[in-house]
Structure formats: structure tokens, C-alpha cells
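Throughout, read-outs are computed from the coordinates displayed, never taken from laboratory work. These numbers were taken from a predicted model, which means no experiment stands behind them. All Cβ positions, even for glycine, are placed from backbone atoms using ideal geometry, and neighbour counts span all protein chains on display.
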Amino acid sequence: MKTQVYESAVLINASLEDDQIGNIINHIKETITSNGGEIIEIEEWGRKRLAYMVRKSKIGYYIIFQYNSSPDFVLKLERFFQLDESVLRYLTIKLSKDALEQFEQNKLQAAALLEEEKAVTEPAVKETEKSEEKNEEKNNEPKNIQ
């Protein structure tokens with residue numbers, strides 16, 4: 001069966017402990033991989049304040065899974081989300097080729113910006129380290145007291 005790229009945004013109850021949230025995330029990962037899916041990327045946005053209350057919660061823990069899978073698996077995964085009481089909301093979409101190309105362009109642009117920033121900050125950091133070393137040398141020199 002043909003696989004397609006999907007993205008599932010999951011809102012988990014943020015009142016849970018970090019260990020419990022981690023267990024839920026690991027369970028979702030295992031569910032995807034054990035059913036023939038391949039995880040491409042996971043974005044953890046963390047705890048965020050919600051615009052309105054969802055199941056009596058004002059804060060939610062956002063996580064986004066991007067994965068390859070067969071279309072029939074998405075129904076199984078959404079059923080899992082429905083049955084798990086700690087999952088407040090979820091949304092799964094099929095990513096088009098245009099969206100995937102845009103993701104790749106964004107990754108390349110982000111990598112280029114990081115390289116550019118690194119090139120600008122490295123000389124400044126080295127210069128700062130050199131000036132700090134000179135200051136230490138001056139402070140460690142014996143002083144002539146007259």
C-alpha cells in the first residue's frame with residue numbers, strides 16, 4: 001500500500017507530570033512505528049496557554065508528529081487519540097508535495113542562518129576570550145609597591 005506523509009498535532013493535558021507526558025509521547029511514537037509508519041520529525045512546543053478552556057484545562061502541552069504511513073493507519077492513530085484521556089485535542093492532515101518542499105526550504109534557510117550567525121559570533125567570542133586572557137595576565141602580574 002502506498003504511504004503518504006501526515007502531520008498530527010496533539011494537545012496533551014499539561015497538568016500531567018513531565019514523566020507522564022514523556023510516556024504518552026513515547027507511546028505515540030511506538031504506535032506509529034509498530035504499525036509500519038516512519039517518523040520524520042517531532043516538534044515539541046511544550047506547555048502553552050490556551051485561548052479558551054479545553055476539557056477544563058487552561059494550559060496544554062503541544063507536540064507535532066510528522067510521519068510516513070498508510071492512509072488506513074491514520075484512522076487507528078486517531079482512535080488511539082480519542083481513547084486516551086490525557087489527549088485533549090488532535091488534528092491530522094495529509095501533507096502535499098508543495099508543503100513538503102516548503103518544509104525543506106525552511107530547513108535550508110534555517111541552516112544557512114545558523115551558519116551565518118555562527119560566522120559572525122565566532123570571531124567576536126574569540127576576541128572576547130583573548131581580551132579576558134589579557135586581563136587575567138595583567139591581574140596575575142606582580143605589582144611593584146613603593
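Which entries in LYS97/LYS118; LYS56/LYS94; LYS29/LYS76; LYS56/LYS76 show an alpha-carbon gap greater than 20 Å?
Numbers: LYS97/LYS118 32 Å; LYS56/LYS94 30 Å; LYS29/LYS76 13 Å; LYS56/LYS76 26 Å.
Checking Cα-Cα distances, LYS97/LYS118; LYS56/LYS94; LYS56/LYS76 exceed 20 Å.
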Could you state the angle between the C-alpha long axis of helix 18-34 and the longest principal axis of the C-alpha atoms of the chain, as a value from 0 to 90 degrees rounded to the nearest 10? 60 degrees
Residue among LEU83, LEU95, VAL120 farthest towards the positive dipole end of the stretch 79-125, charges placed on Cβ: LEU83
At 7 Å along the Cα-to-beta-carbon direction for both GLU116 and LYS29, put a label point, then send me their distance in nm to one decimal. 3.3 nm
Multiplying the sequence separation of ALA99 and ARG47 by 0.36 nm and subtracting their Cα-Cα distance, what value in nm do you get? 16.1 nm
So how tilted is helix 71-83 from the main axis of the chain? Cα-based, degrees 0 to 90, rounded to 10. 80 degrees
To the nearest 10 degrees, how steep is helix 97-140 against the longest Cα principal axis of the chain, on a 0 to 90 scale? 20 degrees
